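Trainee: I'd like to ask some things about the structure below.
The values are calculated or read from the model by the stated rules, or taken from the named source; none is laboratory data. These figures come from a predicted structure and were not determined experimentally. A quick note on method: Cβ atoms are made from the backbone with ideal geometry, for glycine too, and the neighbour counts reach across all protein chains shown. These accessible areas exclude ligands, DNA and RNA; they are computed on the full protein's heavy atoms, side chains included. Shrake-Rupley method; radii C 1.70, N 1.55, O 1.52, S 1.80 Å.
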Amino acid sequence: VMKNGVMMQYFEWNLPNDGQLWKQLKADAKHLQEIGITAVWIPPAYKADEQQDEGYATYDLFDLGEFEQKNTVRTKYGTKQELKEMIAELHKYKISVYLDAVMNHKSWGDYTEEFTVKEVNPQQRNEAISDAFEIQGWTGYNFPGRKDKYSDFKWHWYHFSGTDYDDSAKRSGVFQILGENKYWSRGVDSENGNYDFLLGNDLDLDHPDVIKELNHWGTWVSKELNLDGMRLDAIKHKRDVFVKQFLETIRAERGGDFYAGGE
C-alpha cells in the first residue's frame, strides 16, 4: 500500500467529446510516474444518456464503451478496449486506478412507466405539496444493445425512490415515488429536509434487489478492469449502510486495501 501517495484527477468537465482520453492517459503513464503520481482518478467510464455527457448522467453501468447504445459504442472518453489497455499501462508504471462510481441516480431509461407519486417541496423534501397522483416516468431500462451480457437485471419504477420529470405533463419537479416500502432513505444528509434525491431517477438504496445488483456490478467492474479503488460520487445523498456494505463486499473480493474516497 502506497504511503503518502499523490492522486491525480485525470479529467475535467469541459474535455472535448473526441474519445481520446483513455489513449491520452495510456501515453502519459510513464511521464506520470516520473513526476511522482501514484494514483489516478478516472471519470465515469460507462455509458451515459448521450455520448458527450461527462458520465454522471448514467445509463448503463455495465457498458464500458462496448455496446451500441444511446447512439454510440464508445463513451466520451473511448472504448472498453482502450480503457483496459490504459489501465494495464498505468499498472506497469505502478500507478493505481480509481474509477468514479455513480450509484446515486440514473438518467432517462429506454421507455416510460406509469406509477404513483407525490410532489414534494424541493427545499423541504419531507413536505408534500400535492396529493398522490399518477405520472409517466422514464424509469424502464432493458439495455437493448447489451442483451443481458454481464447482467440480466432490468430496472423499473419500484427500484427508484424519486424522479424529477413527469412525461405526461411535460414538467419537472421533485416527485417522491409511492408504494410498498417506499420512503426517502435514512442515513443521508439532512439538507433540504432529506437529501436522498439529487437528480434524475434516484436509486432506492434500501431495495434489496438494487443493493444486490450494485454489489454485483461493483465486484464485476473491479475485477473486469483490475481496479485499485473507487471514488464514490454523491455520497451525502446515499444510504450510509449501503456504502458500508458495498465496500465490504468489494474488499472481500479485491482485498482490504481497495481504496475508496467519497465526494
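Trainee: I want the local charge near residue 15. Using Cβ-Cβ distances under 10 Å, sum +1 for each Lys or Arg and -1 for each Asp or Glu among the other residues. Before the final figure, lay out each step's value.
Mentor: Values: positive: 76; negative: 12, 18, 54.
Taking every other residue near residue 15 into account, the sum is -2.
Trainee: I've got another one for you. What does the charge count near residue 31 come to, summing +1 for each Lys or Arg and -1 for each Asp or Glu among other residues with Cβ under 15 Å from its Cβ?
Mentor: Net local charge, residue 31 excluded: +2.
Trainee: Given charges of +1 on the Cβ of Lys and Arg and -1 on the Cβ of Asp and Glu, with all other atoms neutral, how large is the dipole of region 203-247 about its Cα centre, in debye to the nearest 20?
Mentor: Numbers: 7 positive and 8 negative charges, 34 e Å.
The dipole of region 203-247 has a size of about 160 debye.
Trainee: State to the nearest 20 debye the size of the charge dipole of region 145-263 about its Cα centre, where the only charges are +1 on K and R beta carbons and -1 on D and E beta carbons.
Mentor: 220
Trainee: So what is the accessible area of region 86-180 per residue, in Å², with the probe set to 1.4 Å?
Mentor: Numbers: 4140 Å² over 95 residues.
Solvent-accessible surface per residue comes out at 44 Å².
Trainee: Could you point to the residue in 65, 123, 5 farthest towards the positive end of the chain's charge dipole, with +1 and -1 charges on the Cβ of Lys/Arg and Asp/Glu respectively?
Mentor: 5
Trainee: Run the helix sum for the chain: -39,500 (n - 2.57) per DSSP H stretch of 4+ residues, divided by residue count, reported at 222 nm to the nearest 500 deg cm²/dmol.
Mentor: One gets -7500 deg cm²/dmol as the mean residue ellipticity at 222 nm.
Trainee: Could you order 166, 228 so the one with the most accessible surface comes first? Probe is 1.4 Å.
Mentor: These residues rank, largest area first, as 228, 166.
Trainee: Let me ask you something else. Rg(Cα) of region 68-168 divided by 2.2 N^0.38 Å?
Mentor: Working: Rg = 18.8 Å, N = 101, 2.2 N^0.38 = 12.7 Å.
So the Cα radius of gyration is 1.48 times the expected 2.2 N^0.38 Å.
Trainee: Just to confirm the filter: which trypsin sites (Lys or Arg not before Pro) across region 105-169 are DSSP coil and have at most 12 other Cβ within 10 angstrom of their Cβ?
Mentor: 147, 149
Trainee: Over region 1-121, what relative contact order in percent results from Cα pairs under 8 Å that are six or more residues apart? Walk me through the numbers before you get to the answer.
Mentor: Values: 195 pairs, mean separation 35.2, N = 121.
Relative contact order, region 1-121: 29 percent.
Trainee: At a 1.4 Å probe, what is the % contribution of carbon and sulfur to the accessible area of region 62-142?
Mentor: Values: 1460 of 3270 Å².
Percent of accessible area from carbon and sulfur atoms in region 62-142: 45.
Trainee: Does region 20-134 classify as rounded, prolate or oblate by the C-alpha gyration tensor (a ≥ b ≥ c root eigenvalues; a/c under 1.5 gives rounded; else a/b over b/c gives prolate, otherwise oblate)? If you can, show how the numbers build up before the last one.
Mentor: Numbers: a/c = 4.19, a/b = 2.13, b/c = 1.97.
It is prolate, given that a/c is not under 1.5 and a/b is the larger ratio.
Trainee: Here's something else I'd like to know. (i) 68, 45, 40; (ii) 61, 37, 32; (iii) 53, 43, 38: which one is Cα extents along the principal axes in Å as calculated from this entry?
Mentor: (ii)
Trainee: To continue, here is another question. Between residue 224 and residue 94, what length in nm is gained on full extension when 0.36 nm per residue of separation is reduced by their alpha carbon distance? Walk me through the numbers on the way to the answer.
Mentor: Values: separation 130, 0.36 × 130 = 46.80 nm, distance 1.84 nm.
Extra length from residue 224 to residue 94 when fully extended: 45.0 nm.
Trainee: Say a paramagnetic label sat at a point 7 Å from the Cα of residue 124, along Cα to Cβ; which residues of region 160-196 have their backbone N under 11 Å from it?
Mentor: 193, by backbone N distance to the label point.
Trainee: While we're here: Magnitude of the Cβ-charge dipole of the chain, K/R +1 and D/E -1, about the Cα centre, nearest 20 debye?
Mentor: Working: 32 positive and 45 negative charges, 202 e Å.
Here the chain has a charge dipole of around 960 debye.
Trainee: Still on this structure: Could you compute how fast region 107-263 diffuses translationally, taking Rh as the Kirkwood radius over C-alpha pairs and applying Stokes-Einstein at 25 °C with viscosity 0.890 mPa s? Give it in µm² per second. It would help to have the intermediate numbers written out before the result.
Mentor: Details: Rh = 16.6 Å.
The diffusion coefficient I find is 147 µm²/s.
Trainee: Relative contact order, percent, of region 71-145 when contacts are C-alpha pairs under 8 Å separated by at least 6 residues?
Mentor: Working: 67 pairs, mean separation 19.0, N = 75.
25 percent.
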